[in-house]
Structures are given as structure tokens and as C-alpha cells.
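Everything below concerns the one structure shown next.
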Amino acid sequence: MSSVVEMRASAIAEVAALPPAKAGRRFATWLGKPTPGYVVLTILLLLYPWVASPFFTFQIGGQSLALGIIALSLAFLAGYGGMVSLAQMTLAGVAGYMVAILGSSNVAVSLNWPWWVVLPLAIAVATLASVLVGAISVRTEGIYTIMITLAIGVAFYYLTQQNYEVFNGFNGFPRVLPPSVFGLYWRDPLPYYYLALGVAALCFGFVLYVRRSTFGIALQGIRDNPRRMRALGFNVTAHRVAAYAVAGLIASLGGILFTWFNGRISPGSIGIGPLINILVIAVLGGVRHPIGPFIGAVVFVLLQNFAIDLVDRERFNMLIGTIFLAIVLFSPDGLLGLWQRLRTHFSARRL
């Protein structure tokens, strides 16, 4: 592992010494070569709103992208850092509440600051909150990390529910809407979808880059063998806290989009149910690749919207739980892992 990290460090030095054009090409190779599958998927995603109805564009496509970004933050922590956090929806809620409090809504508590001031502050506050969550939880492992992050999420839920001076209590903030920029109202189905798609693409590419960087390689080494990495001179705690900061940044972007999607933010948006849903989405799609959370989000949103035609609304959680258990039992890597296993099986049969 030390030799791998040294090679990656030397690669960074080489990139810094290269002319801008060559450095850009080297940076692109770190993101990975665009495979035909990714090219086709990109074209389909760009064309999707033009063949889908506004309902499918906004309710299915836009919501899936927003939830997928939040689940991506959990997949980054779990897949590359070996840390399962149930506080990612909480961090997304922190960003959403900051947008509501600092921006505009139907509540007098809101400060009505301009959006170009509100958004960076909301992202910064949520990222700082993620660093604090990481500082508390990184010294634990396994079930203890899960319980601590769940406790933090529940504590924030009750704080928002019982505090009326800042969080407006149980009612939360209605009409938290995106601004009109460049003559576009960003909550309309088409603009919102492309906004969410653009943010999702940035987060996806960012995770691909980070996982191949020196920090990402070291983080994966810490995931596999923290004692050895500590013996090699790496600050394990600092790397884990930094991973929480990266995940918090991603979750904050998804939280802002999800708040704009709902048009409101309230304690119900960050309750125990939503916290668990993010875990279900990430595991359902697969946490070993950044595309997995988005696959899980699409499946989850489709079930959420159409499962009522199959089962009663009260039994939706039972349906999701059953599917979740089946995926965990038969494919620990989620739907993406199941797809890869099927491809390998049929490729072997052809040979």
C-alpha cells in the first residue's frame, strides 16, 4: 500500500510540473476513460425530459437525482472509507434549513438574503456540521458508528421539532423555492431536472476523481487496514474526518436540491424514516461504485410513487424492507453487483 501511495504522490508532482494542456489530459485519465455505456447513458439522460411527461421529468427524474446525490455521500463514506453514517440526511437537512432560514419562505424567521450569499453559506455550514459529526464518530467502528450517527440525526430532528425561534418547530418552512436566474424558474420540471443532473454529474465526477487521488487511495487503505496505515505514518483520524467533510459537501448539495424539490423543509424531512431511506437507497443500488446510489434512488422513487397500485400505502415500508433484505441476501453489492454478476455469468457461458 505504501508503494501505491508513493506512486500516486509522484503522479501528483508530475501533473504539477506538466504544461496546462498535458496536466488537463492527465487529470482526465484520473477520472477514467468514457466507456460506451457511460456515453449512451449520458445521451439518454440528456434526452429523457424531451420524451417523458412533466411528472416523470420532475417527480421521478428530479427526485431520483436529488436523493441519489445524498445517497452518494453515504456510499462514498461506506464504500471508500468503510464508515456507515446514518446522519447524511441530517446534513442534507442542515443545508436545507440554512437555505430556508437565510433565504426566503412564508415564515417571518427567514432573513431574505440573496441566493448567491445563501447557497455558499448553507453548503459551508452543512460541511462544517459534517466535520463535527466525523470528529465525534470516527473513533468508533461498525455498529457503534451507526448508532452514534443515528443518535446525532435523532437529536437534530427533535431540536428542529421543538425549537420555534430558529427552526419554526413542527411546521418548518413552507415555500422554500429556488430563485429565478437567467430568466428561468428552477423549480419548473425541465430546468430543475437539468440543474439536478448537472449537480449530480459534478458530484459523480468529483467522487471518481477523489477515489483515484492520493487521499482516496490512502482512505481505501485505511478502510482495509487502519493499523498498517497508521504504522506507515498516515493520520487515520484526520483522513476519516476529511472524508466526512467531502461527504458533507456532497450531501449539502443534494439537500438543497431536495428542499427545492419539496418546496419546504420541516422536521418530517429529516426524521428517522428519511435517515433510514438514504441507507436503503445506497445499499439497494450498491456502494462500491458512484453510479450505485443513483440506481437505488430510481428504484426507490419508482416504488414510492407506484407501489400504492400494488400494496396499501401503510405497507410500503414492508415492501421496501422485503426488497432490501432480498438484495442484501442475494447480492451484497446491490443491484449493480447483481448486474455485474449476471454479465460475468453470461460472458462465461458464451466462452
(message) What are the pairs with Cβ atoms under 9 angstrom where one residue, in the range 212-225, is within 15 Å of GLU141 (Cα to Cα) and acidic (Asp, Glu) and the other, located anywhere, is buried (at least 16 other Cβ atoms within 10 Å of the Cβ) and modelled with pLDDT under 95? Sequence gap at least six, or different chains.
(response) ASP224/MET1; ASP224/GLY82
(request) Go through the residues of the range 110-126 one by one and say whether even a single one is farther than 29 Å from ASN235 by Cβ, of a type in the set (A, V, I, L, M, F, W, C), in contact with an Asp or Glu (Cβ under 8 Å, 6 or more places away or on another chain) and touching a residue at least 24 places away in the same chain (Cβ under 8 Å). (result) no
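Within the group LEU128, LEU111, LEU132, which residue is of a type in the set (A, V, I, L, M, F, W, C) and touching a Leu at 6+ places or on another chain (Cβ under 6 Å)?
Numbers: LEU128 fails: touching a Leu at 6+ places or on another chain (Cβ under 6 Å); LEU132 fails: touching a Leu at 6+ places or on another chain (Cβ under 6 Å).
That would be LEU111, the only listed residue that is of a type in the set (A, V, I, L, M, F, W, C) and touching a Leu at 6+ places or on another chain (Cβ under 6 Å).
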(message) Looking at LEU202, LEU190, LEU132, can you tell me which residue is assigned to a helix (DSSP H, G or I), over 19 Å from the mean Cα position of the chain (by Cα) and among the aliphatic types (A, V, I, L, M)?
(response) LEU190
(message) Which condition from (1) buried (at least 21 other Cβ atoms within 10 Å of the Cβ); (2) closer than 15 Å to MET98 by Cα is the one that GLY263 breaks?
(response) (1)
(message) Could you go through the range 269-292 and let me know if any residue there is more than 23 Å from TYR80 (Cα to Cα), small (Gly, Ala, Ser) and in a helix (DSSP H, G or I).
(response) yes
(request) Tell me, please, whether a residue that is touching a Cys at 6+ places or on another chain (Cβ under 6 Å), assigned to a helix (DSSP H, G or I), surrounded by 15 or more Cβ atoms within 10 Å (Cβ to Cβ) and not hydroxyl-bearing (Ser, Thr, Tyr) can be found in the range 211-232. (result) no
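Before we move on, is TYR185 out of contact with any Gly (no Cβ under 8 Å at 6 or more places or on another chain), surrounded by fewer than 19 Cβ atoms within 10 Å (Cβ to Cβ) and not hydrophobic (A, V, I, L, M, F, W, C)?
It is true that TYR185 is out of contact with any Gly (no Cβ under 8 Å at 6 or more places or on another chain), surrounded by fewer than 19 Cβ atoms within 10 Å (Cβ to Cβ) and not hydrophobic (A, V, I, L, M, F, W, C).
If we scan the range 153-163, do we find a residue that is buried (at least 21 other Cβ atoms within 10 Å of the Cβ), among the hydrophobic types (A, V, I, L, M, F, W, C), touching a strand residue (DSSP E or B) at 6+ places or on another chain (Cβ under 7 Å) and in contact (Cβ under 8 Å) with a residue 24 or more places away in the chain?
Let us first name the residues in the range 153-163 that are buried (at least 21 other Cβ atoms within 10 Å of the Cβ), namely 153, 156-157, 160.
Still in the running and among the hydrophobic types (A, V, I, L, M, F, W, C): 156.
Keeping just the survivors that are touching a strand residue (DSSP E or B) at 6+ places or on another chain (Cβ under 7 Å) gives none.
Among the residues of the range 153-163, not one is buried (at least 21 other Cβ atoms within 10 Å of the Cβ), among the hydrophobic types (A, V, I, L, M, F, W, C), touching a strand residue (DSSP E or B) at 6+ places or on another chain (Cβ under 7 Å) and in contact (Cβ under 8 Å) with a residue 24 or more places away in the chain, which makes the answer no.
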(request) With respect to PHE170, determine if the residue is in contact (Cβ under 8 Å) with a residue 60 or more places away in the chain, loosely packed, with under 15 Cβ neighbours inside 10 Å and either in a helix (DSSP H, G or I) or among the polar types (S, T, N, Q) (or both). (result) yes
(request) Run down PHE258, PHE316, PHE324 and say which single residue is modelled with pLDDT of 90 or more and touching a helix residue (DSSP H, G or I) at 6+ places or on another chain (Cβ under 6 Å). (result) PHE258
(message) Just to verify a result, which residue in the range 49-107, among those that are β-branched (Val, Ile, Thr) and assigned to a loop (DSSP other than H, G, I, E, B), is modelled with the lowest pLDDT?
(response) VAL107
(message) Six or more apart or on different chains, Cβ atoms under 6 Å: show the pairs whose first residue is in the range 89-103 and closer than 11 Å to ILE256 by Cβ and whose second is not in a helix (DSSP H, G or I).
(response) GLY96/ILE265; TYR97/ILE265; ALA100/PHE173; ALA100/VAL176; ALA100/ILE265
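The values are calculated or read from the model by the stated rules, or taken from the named source; none is laboratory data. Treat the numbers as computed from the prediction; the structure is a model and nothing was measured. Ideal geometry is used to build each Cβ from the backbone, glycine not excepted, and the neighbour counts take in all protein chains shown.
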